[in-house]
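Engineer: Sharing a structure with you now.
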Amino acid sequence: MKKQLYFLVAVVVVAVAIFASCKSDDPTKSDKNLVTLRLRWEGPVSSLNPIITRSGYSRFAAMRVFQTLGAVDPKTLKLEPILAKSIPQMQRVTDGKHQGERSYTFEINDAARWDNGTPVTAKDIEFSLKIVFNPEQPDAAPWRGYYEFLSGFDTDPANARKFTVYLSRYYILELESITQLPIYPAYNYDPNNRIANIPLNTLLDTTATNALMRTDSSLRVFAREMKQSKFDKDPAAISGSGPYKLLQMAEQETTLGKKADWWGNNSASSNPLMQAYPDRLVYHFMSDEDAIVLQLKNHEIDVVANMSVLKFRELQQNPDITAAYRFDTIWSPNYNRWVFNLANPKLKDPLVRRALSYVVDYDYIINTVLQGMGTRVVGPVSPRQPHYAKDIPLYNHDIEKAKQLLAQAGWKDSDGDQIVDKMINGQRVKLSLEMLTSLDFIVSKMISERIQEEARKAGVEIVFKSKPLKEISPLTRKGDFETAVYAAAQNPVMAELKQMYSAKSLPKEGGDNRSNYINLELTNLIEEMRCTEDPAQRNAMYIKAQQILHDDAPEVFLYSTKARVISAKTFEPVLMSESPGMMEQLYKPGGKSEK
């Protein structure tokens, strides 16, 4: 406990020093009059380079610095304009080289400006897409699947803010993908004009790109420059069109400050999504929930996202805390899963993976760990959508069934040590599996330990490899795991399964299929499904895809739970059904606590 208190004191001292050094960008405000929103998140903000860095919490904070053409309204879940003047309708191209294709024409808000005062133009949109399509930029590869059918980009010769994108065929997320790409200022991220003279249309042509790369190193040099650490955490190097800029980034805390002369200030009255009420956004990363409770009691934190259900419930019964804070829950597209690396010979047989699906005590997770605030899900599709396979029977907790499947797959206890084994490639191998998990979090700890306990009853040994939450995603992305427990997110509208389950998205190819799962029937189904316009046909394909995933069990879908947000009553919270559960820039000072 002394160590925890010492750590907390150290954090507070550092925070005081930081705020003392952060002067207001607004000359009309003194530091003491600044509205500061202090947030606790489960993971750290370690980079503000959103196309290159895939860490969830870093991307969330980057959304306050970098803008997109449009954004999803947290209340209606509809696309609304941000940088764009409006969300365009699809048009069929009737002539020219793109005849018969689909197109969307955007015009950028006349007021939109970068930090140096220059206008946001179509050149910046094209530049951001060039980052995605640079074949020398493997970190951007997962984005490419969302733009697979992008066939052309034309800037209006009479209007530098107007441009048209062309798509060779229909894609389920075509408009969402175009409107929600983070937009970078070309002048800041390519000051040496490495790729300024390389048209995006060249990068959309594989033959032309390969020919260019044989004679020109510009793409390689630019990719190396985009990976510079200064673009992750240097306040002097990071720049976007959003309302906030980076003031400071440390291991446990990141601070953003609102720009005094931000271009969107004049648009906020007509577009609620352009509001940016807090002058400071301070993101704290802290996994010790006792320390978080102490901060709540001392009113040293304003927002706590996704505290464990047990602690959330406990604090709801504390009148001292409920007097100053409100407790909200909202449906979340996030779900937790136990993922298997099928490159491991022990996990290649689907019978083994199904057996592991039966060792999980789901009732314990839902009723004890989550206190009834969680639900079972059959797969990666939102239960709110008509293409959710609600009729597929869920796996249940059945140790005898697990033993039966393991025996059917040839796993038996040949030496009496209570762990099943099998000959693989001429060697006797025990079914001992490493589980990558974060035991720092009480929910992960309780679930992991229960799986370990129940798996042992079926003759399976689970060995923990505990890592901080921020390290789990990079390890799974590299394939450096046997099994892992971590969260993923469903698209609240239309699930895109290619990145996670297609044989075309394996990690070695820069994809996000971390299980190394290969099922060619599913891969072909996904390819057809994502380009099918007819909703009834597409829904049937989705249900079939979920059945294949259920039967093959490359991962166990553990549960989905509501996002839990604790907010100081001195703010009016704005919740959203996407991670992390709130839209912090819309937190408006107002109301007051009862103390």
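The values are calculated or read from the model by the stated rules, or taken from the named source; none is laboratory data. Nothing here was measured: the structure is a model prediction, and the numbers come from that model. Counting neighbours? That spans all protein chains shown, and the Cβs are built from the backbone with ideal geometry, glycine included. Surface accessibility is based on the protein's heavy atoms, side chains included, excluding ligands, DNA and RNA. Shrake-Rupley method; radii C 1.70, N 1.55, O 1.52, S 1.80 Å.
Engineer: Taking only the range 204-224 into account, find how many residues are acidic (Asp, Glu) and either closer than 30 Å to residue 92 by Cβ or assigned to a helix (DSSP H, G or I) (or both). It would help to see each step written out before you state the result.
Structural biologist: Initial filter on the range 204-224 (acidic (Asp, Glu)): 205, 216.
Cutting the leftovers down to either closer than 30 Å to residue 92 by Cβ or assigned to a helix (DSSP H, G or I) (or both) gives us 205.
The qualifying residues number 1.
Engineer: Give the residues of the range 474-498 that are within 26 Å of residue 530 (Cα to Cα) and either surrounded by fewer than 19 Cβ atoms within 10 Å (Cβ to Cβ) or aliphatic (A, V, I, L, M) (or both), sorted by residue number.
Structural biologist: Matches in the range 474-498: 477, 487, 488, 489, 491, 492, 493, 494, 495, 497.
Engineer: Please determine whether any residue of the range 366-389 is touching a residue at least 60 places away in the same chain (Cβ under 8 Å), of a type in the set (D, E, K, R) and either on the phi < 0 side of the Ramachandran plot or touching a His at 6+ places or on another chain (Cβ under 9 Å) (or both).
Structural biologist: Scanning the range 366-389, I find at least one residue that is touching a residue at least 60 places away in the same chain (Cβ under 8 Å), of a type in the set (D, E, K, R) and either on the phi < 0 side of the Ramachandran plot or touching a His at 6+ places or on another chain (Cβ under 9 Å) (or both), so the answer is yes.
Engineer: Only one of (1) open to solvent by 20 Å² or more (accessible area, probe 1.4 Å); (2) under 21 Å from residue 349 (Cβ atoms); (3) at pLDDT 95 or above is not met by residue 425, so which one is it?
Structural biologist: Result: residue 425 fails condition (3) only.
Engineer: Could I ask something else about it? Tell me which residues, restricted to the range 30-49, are over 21 Å from residue 468 (Cβ atoms) and at pLDDT 95 or above.
Structural biologist: Looking only at the range 30-49, we keep the residues that are over 21 Å from residue 468 (Cβ atoms), and these are 30-38.
Passing the criteria: 35, 36, 37, 38.
Engineer: Looking at the range 309-327, can you tell me whether even one residue there is buried (at least 21 other Cβ atoms within 10 Å of the Cβ), modelled with pLDDT under 95 and of a type in the set (A, V, I, L, M)?
Structural biologist: yes
Engineer: Identify, please: which residue in the range 565-595 is open to solvent by 20 Å² or more (accessible area, probe 1.4 Å) and in contact with a helix residue (DSSP H, G or I) (Cβ under 7 Å, 6 or more places away or on another chain) and is, among those, farthest from residue 300 (Cα to Cα)?
Structural biologist: 579
Engineer: Out of the range 52-76, which residues are modelled with pLDDT under 95, open to solvent by less than 40 Å² (accessible area, probe 1.4 Å), part of a loop (DSSP other than H, G, I, E, B) and under 30 Å from residue 270 (Cβ atoms)?
Structural biologist: 73, 74
Engineer: Of all residues in the range 161-180, count the ones that are under 19 Å from the mean Cα position of the chain (by Cα) and buried (at least 22 other Cβ atoms within 10 Å of the Cβ).
Structural biologist: 3
Engineer: Okay, next question. Exactly one of (1) assigned to a helix (DSSP H, G or I); (2) open to solvent by less than 30 Å² (accessible area, probe 1.4 Å) is unmet by residue 201. Its number?
Structural biologist: (2)
Engineer: Among the residues of the range 328-342, write down those that are hydroxyl-bearing (Ser, Thr, Tyr) and either crowded, with 21+ Cβ neighbours inside 10 Å or over 21 Å from the mean Cα position of the chain (by Cα) (or both). Before you say what the answer is, go through the steps one by one.
Structural biologist: Let us first name the residues in the range 328-342 that are hydroxyl-bearing (Ser, Thr, Tyr), namely 329, 332, 335.
Passing the criteria: 332, 335.
Engineer: Restricting to the range 371-412, count the residues that are within 30 Å of residue 427 (Cβ to Cβ), in a loop (DSSP other than H, G, I, E, B) and touching a Gly at 6+ places or on another chain (Cβ under 8 Å).
Structural biologist: Residues that pass the stated criteria total 1.
Engineer: From 152, 100, grab the single residue that is of a type outside the set (Phe, Trp, Tyr) and either within 22 Å of residue 65 (Cα to Cα) or open to solvent by less than 20 Å² (accessible area, probe 1.4 Å) (or both).
Structural biologist: Details: 100 fails: either within 22 Å of residue 65 (Cα to Cα) or open to solvent by less than 20 Å² (accessible area, probe 1.4 Å) (or both).
Testing whether each residue is of a type outside the set (Phe, Trp, Tyr) and either within 22 Å of residue 65 (Cα to Cα) or open to solvent by less than 20 Å² (accessible area, probe 1.4 Å) (or both) leaves just 152.
Engineer: Out of 279, 290, which single residue is among the charged types (D, E, K, R) and modelled with pLDDT under 95?
Structural biologist: Values: 279 fails: modelled with pLDDT under 95.
Answer to the check: 290.
Engineer: Checking residue 82 against (1) more than 26 Å from residue 149 (Cα to Cα); (2) under 22 Å from the mean Cα position of the chain (by Cα), which test does it fail?
Structural biologist: It fails just one condition, (1).
Engineer: Same structure again: Could you count how many residues in the range 110-138 are open to solvent by 40 Å² or more (accessible area, probe 1.4 Å) and of a type outside the set (Gly, Ala, Ser)?
Structural biologist: Going through the range 110-138 one residue at a time, the tally reaches 10.
Engineer: Suppose we filter 113, 102 for residues that are in contact with a Lys or Arg (Cβ under 9 Å, 6 or more places away or on another chain), of a type in the set (Lys, Arg), over 28 Å from residue 508 (Cβ atoms) and touching a residue at least 24 places away in the same chain (Cβ under 8 Å); which single one remains? I'd like the intermediate steps shown before the answer.
Structural biologist: Numbers: 113 fails: in contact with a Lys or Arg (Cβ under 9 Å, 6 or more places away or on another chain).
On inspection, the qualifying residue turns out to be 102.
Engineer: Out of 505, 515, I need the residue that is crowded, with 22+ Cβ neighbours inside 10 Å, within 23 Å of residue 139 (Cα to Cα) and touching a Gly at 6+ places or on another chain (Cβ under 6 Å). Which one? I'd like the intermediate steps shown before the answer.
Structural biologist: Numbers: 515 fails: touching a Gly at 6+ places or on another chain (Cβ under 6 Å).
The match here is 505.
Engineer: Is at least one residue of the range 131-148 on the phi < 0 side of the Ramachandran plot, of a type in the set (Gly, Ala, Ser) and touching a Lys or Arg at 6+ places or on another chain (Cβ under 9 Å)? Let's see the steps before the verdict.
Structural biologist: Just the residues of the range 131-148 that are on the phi < 0 side of the Ramachandran plot, to begin with: 131-148.
With of a type in the set (Gly, Ala, Ser) added as a condition, the list becomes 140-141, 145.
Still in the list and also touching a Lys or Arg at 6+ places or on another chain (Cβ under 9 Å): 145.
The answer is yes, given that some residue of the range 131-148 is on the phi < 0 side of the Ramachandran plot, of a type in the set (Gly, Ala, Ser) and touching a Lys or Arg at 6+ places or on another chain (Cβ under 9 Å).
Engineer: Could you pull out the residue among 79, 83 that is in contact with a strand residue (DSSP E or B) (Cβ under 9 Å, 6 or more places away or on another chain), on the phi < 0 side of the Ramachandran plot and at pLDDT 95 or above? Let's see the steps before the verdict.
Structural biologist: Numbers: 79 fails: at pLDDT 95 or above.
Answer to the selection: 83.
Engineer: Report every pair of residues separated by at least 6 positions or lying on different chains whose Cβ atoms are under 7 Å apart, first residue within the range 411-422 and touching a residue at least 60 places away in the same chain (Cβ under 8 Å), second open to solvent by less than 50 Å² (accessible area, probe 1.4 Å) and of a type in the set (Lys, Arg).
Structural biologist: The qualifying pairs do not exist here.
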